[in-house]
Amino acid sequence: NVRSMNGDTPQCQHGELECLYNRYINCAQEMDSNAWFGYVSCLAQDLSALRRDDGESRAETCAKENGMSHASLKTCATGDKGRSLEKLARSDTEALVPKHTFVPWIVVNGAAIGNTFNDLDRYICAAIGGDLPEACFNIRDSIMHQG
């Protein structure tokens, strides 16, 4: 959650540790297109780690739980590659249409879903069309079954 920039250096809402976590996430996405989501979910399970000095140990635990190399992630996140991915993420965020105004900012098929992000599963299922995965039929009070 980058709230401002100081030259080329992002200023994160929760400080430098949050910026480091963002770089870990960017590196995980770049390194493993299958495991990164589990890694991010693991990091999010203990957001209080962002306010403690043990963010590094949380990143290591999550890497191990998701079959990723913490050493590789750390090298990426603390090096030039992590900074490069951070700049790319910033550019992608600044290019969003419609422009983001808060976090989380989610766009599905070009439409921002605003503060209804708790219904993301419904938006995704509605956007899929055609043969829906079984998960779409397990959404309580699904928009798929209304009307």
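What residue, of 35, 59, 49, is surrounded by 14 or more Cβ atoms within 10 Å (Cβ to Cβ), more than 16 Å from residue 19 (Cα to Cα), among the aliphatic types (A, V, I, L, M) and at pLDDT below 95?
The unique qualifying residue is 35.
Would you point out which residue out of 28, 44, 89 is under 26 Å from residue 101 (Cα atoms), at pLDDT 95 or above and aliphatic (A, V, I, L, M)?
The conditions single out 28.
When you go through 126, 89 one by one, which is the residue that is surrounded by 12 or more Cβ atoms within 10 Å (Cβ to Cβ), without any contact (Cβ under 8 Å) to a residue 24 or more places away in the chain, of a type in the set (A, V, I, L, M) and not in a strand (DSSP E or B)?
Step by step, each of 126, 89 is checked, and only 126 is surrounded by 12 or more Cβ atoms within 10 Å (Cβ to Cβ), without any contact (Cβ under 8 Å) to a residue 24 or more places away in the chain, of a type in the set (A, V, I, L, M) and not in a strand (DSSP E or B).
The values are calculated or read from the model by the stated rules, or taken from the named source; none is laboratory data. Predicted model only: the values in this text are computed from it and were never measured. Heads up, the Cβs are rebuilt from the backbone with ideal geometry, glycines too, and the neighbour counts pull from every protein chain shown.
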